Amino acid sequence: MTEYSDPLLASIAERLQDSDPGIRRVAVMDLVDSVDEDGVNLLLQALSDEDDLVRLEAARVIDEFDPADMMEALVDALNAADRNVRNAAAKALADLKDPDAAPALIAALKSDDAFVLASILRSLKQLCIKDARPYAIELLGHEDPGVRREAVGVLGYLQEIENLPQLKAVAKADADAEVRRSAVGALVYAAPEKVADTLISAISDDHWQVRCEAIRSLGRLKVYDARSALIDAINDKRWQVQEKAAEAIGMVGAVEGIPALGACIDNPISNLRKTAVAALGELAHEDGLPYIRRALEDNDPDVRKLARWALERSAPQGTKTN
Amino acid sequence: MTQLSDIKIKDIDVLVIGGGTAGPMAAISAKEKDPNASVMLLEKANVKRSGAISMGMDGLNNAVIPGHATPEQYTKEITIANDGIVLQKGVLEYAERSFGMIQKLDNWGVYFQKDETGEYDVKKVHHLGTYVLPMPEGHNIKKILYRRLRRNRVVVENRYQAIRLLKDDDGAVSGCIALATRDAEVIVIRAKAVVLCTGAAGRIGLPASGYLYGTYENPTNCGDGHSMAYHVGAELSGLECYQINPLLKDYNGPACAYVTGPLGGYTANANGDRFIECDYWSGQMMMEFYNELQSGNGPVFLKLDHLAEETIEEIEQVLHTNERPSRGRFHDGRGNNYRTKMVEMHISEIGFCAGHSASGVWVNEKGETTVSGLYGAGDMASIPHSYMLGAFVYGEICGQNAVEFAKNRSLPALDDSFILSQKERILAPLQREDGIPPHQFEYKLRRLVNDYLQPPKITKKMDIGLQRLKDMERDIEFLYARDPHELLRANEAQHVLDCALMAAQASMYRQESRWGLYHHFVDHPETNNEDWFCHVQLYKDDNDQMACKKRPVDPYVIELDEEEKTAYQKMRIQKVS
């Protein structure tokens, strides 16, 4: 048994030898108060305790310690028999933003536990490791949507042109809305002309959050060709989608969207009125003036404030002060 | 009679007082700069659970990220939000180090919200720039700091309440006297440099809920640092610029409009309509809030019931899991559901907090107070609108500068007679057989604050309030503590009393109105830039009396154009004509 100079650790070490699992479990709980780095050795010992509850307690406190000090053990723990230990180890590894961990993480992608796979992908994502690419592409076809979502994340963070076909395919056809949404969001790293078609077709997705993400991406990329699709989207049955569409019309500079934006000025949802008048201000076009003037009388102060700003930008020289 | 040899003395290079946000960062930064220096982090509770940060954090309000905002733009915006009374150099120093700190924390394992390509997902909430960066797993941040404390071998001393700072013959700080909160042992920590990171003074007024500790701030933040800084001779600044915040009615925490805002939620009146004109988190905004509460359109609500199910689930995930788990239970108990009902809001009791307003112990852009060797960071120090990221940045600045200061100093001499008299004073409530329990003393004191000191400020009320508070100084010698825990409370109550006296003195001194509700002085309703475009510094004078003086605002490093200079005035309510 290792000798510990820190009195708290020495006491925990002694209690971890006790035959009563209850005493061992409470000893593990005390580990979090230790400021001594050597506590990690005792944590590792507890992670392989024979008692379920002791291991569970140890798994709970994994993230109290610096994962860099126990990387090997955490990678080993990914294959532990106990699911709690596996999950906690995977989560701690995800916190570890250390490129040296990449080979071990990639090697552990053999796991058949979906949660563990997703956690490893999440930690690889943050490292932006090129070697992770083939694994991520393969796991885009995994049966678990959580795994597919994290595989999209890895490819999105890598921002490589060659991964666009796969991401576009996921954006179009994945069965899970959150996976499609993340792929649609990832496409913004590409040049607009390479992804415009996929993003425009995603405006018709069944799920409103995918539609919002697609419109947001089109706005960020300023896809001018998306004008008519965005103007259509302003009639979406969800105000959240309408709001994103109004914003994007302003961002891409679609002056032909002014009447559609103008129609939103009377919408009962104030968030939509606010975004529409802001978009009219972005467009800064005379045709927007009648709508902007009406918005000056809105009962919502945010709408009025944005209307004043929009008026400044849109009015022809010399008429600004009214 | 006790002798100094009976008192345990610990020697250390850098002493950091307060284990919340700025404190751990100061201690870690001092060790990172000089691994051979000895650094102690002193905390009256437990570093793992202390400070505003441990009540939950969901994001950064003031991230200055290239591509979204510039340090110059940010400095302008804070200058406007503070109605011009700022040490711009201090704000700019924060702004320039803001992004570096985000990257450092990111590297340490803090999760900031990113888009699907790994870029920071900054949200626009403020008027000029874009500063809000959500932190979806903010509850982990304390664990991450603790890992760093371990790695850098910082000495952590939990359950010691620092009560008075010590200084040497040259007037430089030389450590503190502290009380062990479990066994009432009084010890001395002798240090070459001290960093105060004791948080806001959030326990000056009584919350509307009536609960003594149901404050907006973490109730442990009772102004220990403000009181210690005052007694050791440091200047405090802007104390008349109170902190008053919007919050959920009867729940001791913020409503987090910053979380819900980007998702479509907003603050509404009883009709479900927005009413706030002001674009800045400022006293002007709080004035509008206060007026709406007083008007026929109140009360005020957090409106989320128009949002989609998925969005509400996301908000619940952030606010009830990360921010404060008790919040979900509070809503359940009231039968509140974001989906179906607006949630009633109110305004908080008054406090001092540089995180949200500008009130605190005066520090410059190096984190230096006006006492040599004494530094200050976080909500306690005077850099305005710093929030959590400002606490981290100034924690880093102070840690680095304090360890440098300590390097050039030998171990200071101790003032034996002062230490012995303080020990006697501190322990006195425990020696008595009977007297005033600390919570009664504190309740009375904080009720006086609500009755007389909170805005609207009125000279006649302030006069009475000040007199009653001074009368309470006579009650101190009757304070009675049954055990070490009550002794801690007795000491805290005295710090609260110091803060209340400071709030009244500074408010009376500034004979104008400024910062909307924060300093709404009925007898002087106008802002008077001719006489009062200055800081108000509060300090202990040569006769040990509380005194105030003006400090000119340093020339701006970032000039404002004419329109920006009057922007604060334009925030007044403009109703539809």
| said: If I filter region A:139-149 for residues that are open to solvent by 20 Å² or more (accessible area, probe 1.4 Å), part of a helix (DSSP H, G or I) and within 14 Å of chain B (Cβ to nearest Cβ), do I get at least one hit? | reply: yes
| task | Could you tell me which numbered condition residue A:159 fails, if it satisfies all but one of (1) open to solvent by 40 Å² or more (accessible area, probe 1.4 Å); (2) more than 14 Å from every other protein chain (Cβ to nearest Cβ); (3) of a type in the set (S, T, N, Q)? | result | (2)
| Do we find a residue being touching an Asp or Glu at 6+ places or on another chain (Cβ under 7 Å) and away from chain A (no Cβ under 11 Å) anywhere in region B:269-290? | no
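Being outside any loop (DSSP other than H, G, I, E, B) and closer than 16 Å to residue B:383 by Cα is the filter here; which residues of region B:545-568 pass it?
B:551, B:552
Does residue B:446 satisfy the criteria of being open to solvent by less than 60 Å² (accessible area, probe 1.4 Å) and not in a helix (DSSP H, G or I)?
no
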| Within the group A:93, A:78, which residue is open to solvent by less than 10 Å² (accessible area, probe 1.4 Å) and touching a residue at least 40 places away in the same chain (Cβ under 8 Å)? | A:78
| said: Looking only at region A:186-220, filter to residues that are among the hydroxyl-bearing types (Ser, Thr, Tyr), in a helix (DSSP H, G or I) and away from every other protein chain (no Cβ under 13 Å); which one of those is least open to solvent (accessible area, probe 1.4 Å)? | reply: A:198
| query | So which of B:145, B:149 ends up being in a helix (DSSP H, G or I), more than 20 Å from residue B:485 (Cβ to Cβ) and more than 21 Å from the chain's Cα centre (by Cα)? | reply | B:149
| request: Would you confirm whether any residue within region B:97-110 is within 14 Å of chain A (Cβ to nearest Cβ), open to solvent by less than 10 Å² (accessible area, probe 1.4 Å) and in a loop (DSSP other than H, G, I, E, B)? | output: yes
| Which numbered condition trips up residue B:215, out of (1) in a loop (DSSP other than H, G, I, E, B); (2) among the polar types (S, T, N, Q); (3) open to solvent by 10 Å² or more (accessible area, probe 1.4 Å)? | (3)
| query | Take the residues of region A:255-264 that are buried (at least 21 other Cβ atoms within 10 Å of the Cβ) and in contact with a Lys or Arg (Cβ under 9 Å, 6 or more places away or on another chain): which is farthest from residue B:303 (Cα to Cα)? | reply | A:257
| remark: Log entry, pairs with first residue in region B:344-355 being surrounded by fewer than 23 Cβ atoms within 10 Å (Cβ to Cβ), second being aromatic (Phe, Trp, Tyr), beta carbons closer than 7 Å, six or more apart or on different chains, reads B:344/B:301; B:347/B:289; B:347/B:290
| field | Subset of region B:132-183 (residues that are open to solvent by 30 Å² or more (accessible area, probe 1.4 Å), within 11 Å of chain A (Cβ to nearest Cβ) and modelled with pLDDT under 90) | value | B:137, B:139, B:143, B:151
| task | Assess whether residue A:118 counts as being in contact with a Lys or Arg (Cβ under 9 Å, 6 or more places away or on another chain) and of a type outside the set (S, T, N, Q). | result | yes
| remark: Only one of B:6, B:34, B:83 is open to solvent by 30 Å² or more (accessible area, probe 1.4 Å) and among the charged types (D, E, K, R), namely B:6
| Among the residues of region A:221-239, which ones are in contact with a helix residue (DSSP H, G or I) (Cβ under 7 Å, 6 or more places away or on another chain), farther than 15 Å from residue A:198 by Cα and either of a type in the set (Ser, Thr, Tyr) or surrounded by fewer than 23 Cβ atoms within 10 Å (Cβ to Cβ) (or both)? | A:231, A:236, A:238, A:239
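Would you tally the residues in region A:98-110 being surrounded by 15 or more Cβ atoms within 10 Å (Cβ to Cβ) and either touching a Phe, Trp or Tyr at 6+ places or on another chain (Cβ under 8 Å) or more than 17 Å from residue A:62 (Cβ to Cβ) (or both)? Break it down stepwise before answering.
Step one: of region A:98-110, the residues surrounded by 15 or more Cβ atoms within 10 Å (Cβ to Cβ) are A:98, A:101-102, A:104-106, A:108-109.
Remaining after also requiring either touching a Phe, Trp or Tyr at 6+ places or on another chain (Cβ under 8 Å) or more than 17 Å from residue A:62 (Cβ to Cβ) (or both): A:102, A:106, A:109.
Result for region A:98-110: 3.
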| message | Based on this model, can you work out whether residue B:537 counts as over 18 Å from residue B:472 (Cα atoms) and touching a Ser or Thr at 6+ places or on another chain (Cβ under 7 Å)? | response | yes
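Which residues, counting only those in region A:119-135, are open to solvent by less than 10 Å² (accessible area, probe 1.4 Å) and hydrophobic (A, V, I, L, M, F, W, C)?
A:120, A:121, A:124, A:132
Yes/no per residue for (1) open to solvent by 10 Å² or more (accessible area, probe 1.4 Å); (2) touching a helix residue (DSSP H, G or I) at 6+ places or on another chain (Cβ under 6 Å); (3) not in a helix (DSSP H, G or I):
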| residue | (1), (2), (3) |
| --- | --- |
| B:240 | no, yes, yes |
| B:262 | yes, no, no |
| B:276 | yes, yes, yes |
| B:281 | yes, no, yes |
| B:290 | yes, no, no |
| B:306 | yes, no, yes |
| B:312 | no, no, no |
| B:318 | yes, yes, no |
| B:330 | yes, no, no |
| remark: Across (1) closer than 26 Å to residue B:108 by Cβ; (2) within 14 Å of another protein chain (Cβ to nearest Cβ), residue A:118 clears everything bar (2)
| query | What's the number of the condition residue B:298 fails, among (1) part of a helix (DSSP H, G or I); (2) more than 12 Å from chain A (Cβ to nearest Cβ)? | reply | (1)
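The values are calculated or read from the model by the stated rules, or taken from the named source; none is laboratory data. Note that this is a predicted model, so its numbers are computed, not measured. Cβ atoms come from the backbone with ideal geometry, glycine included; neighbour counts cover every protein chain shown. Remember, those area values only see protein heavy atoms, side chains included, never the ligands or the DNA or RNA. Shrake-Rupley method; radii C 1.70, N 1.55, O 1.52, S 1.80 Å.
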